[in-house]
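These notes are about the structure you will find just below.
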């Protein structure tokens, strides 16, 4: 178990990914989505979640006050994202739910132990 000092919650994306396990991030080809540079997240310019979180000063969708669940948010759940998660058997919503329930530090600890970018469906 990592100590609080070893847990970098800056590696949590707005939508609930853990950048610390992302091969593109690890290779230095991406800096995640929390910045304003061409090296930030591959699809960040097309992302609808990022500007919403920035505008509302959320660290992630887990801080959202408008919806009790990201399931209800149209910005978070576009068809192509849902389709991609179905194909890859992943679920970023579960990441946001874990952050809401247990906090970012616990989420980062769990994801880094698993070496997952996003939560996997069984």
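The values are calculated or read from the model by the stated rules, or taken from the named source; none is laboratory data. Predicted model only: the values in this text are computed from it and were never measured. All Cβ positions, even for glycine, are placed from backbone atoms using ideal geometry, and neighbour counts span all protein chains on display.
For residue 66, the conditions (1) closer than 26 Å to residue 8 by Cα; (2) at pLDDT 90 or above; (3) surrounded by fewer than 12 Cβ atoms within 10 Å (Cβ to Cβ) all hold with the exception of (1). Screening residue 58 on (1) in a helix (DSSP H, G or I); (2) under 26 Å from residue 109 (Cβ atoms); (3) modelled with pLDDT of 90 or more shows it passes everything except condition (1). Against the test of being modelled with pLDDT under 80, surrounded by fewer than 20 Cβ atoms within 10 Å (Cβ to Cβ), in contact with a helix residue (DSSP H, G or I) (Cβ under 7 Å, 6 or more places away or on another chain) and part of a loop (DSSP other than H, G, I, E, B), the options 2, 45 yield a single qualifying residue, 2. In region 75-106, the qualifying residues are those that are assigned to a loop (DSSP other than H, G, I, E, B) and either within 17 Å of residue 18 (Cα to Cα) or touching a strand residue (DSSP E or B) at 6+ places or on another chain (Cβ under 9 Å) (or both), and the one that is modelled with the lowest pLDDT is 89. Of the residues making up region 26-42, those that are at pLDDT 85 or above and either closer than 23 Å to residue 77 by Cβ or touching a helix residue (DSSP H, G or I) at 6+ places or on another chain (Cβ under 6 Å) (or both) number 0.
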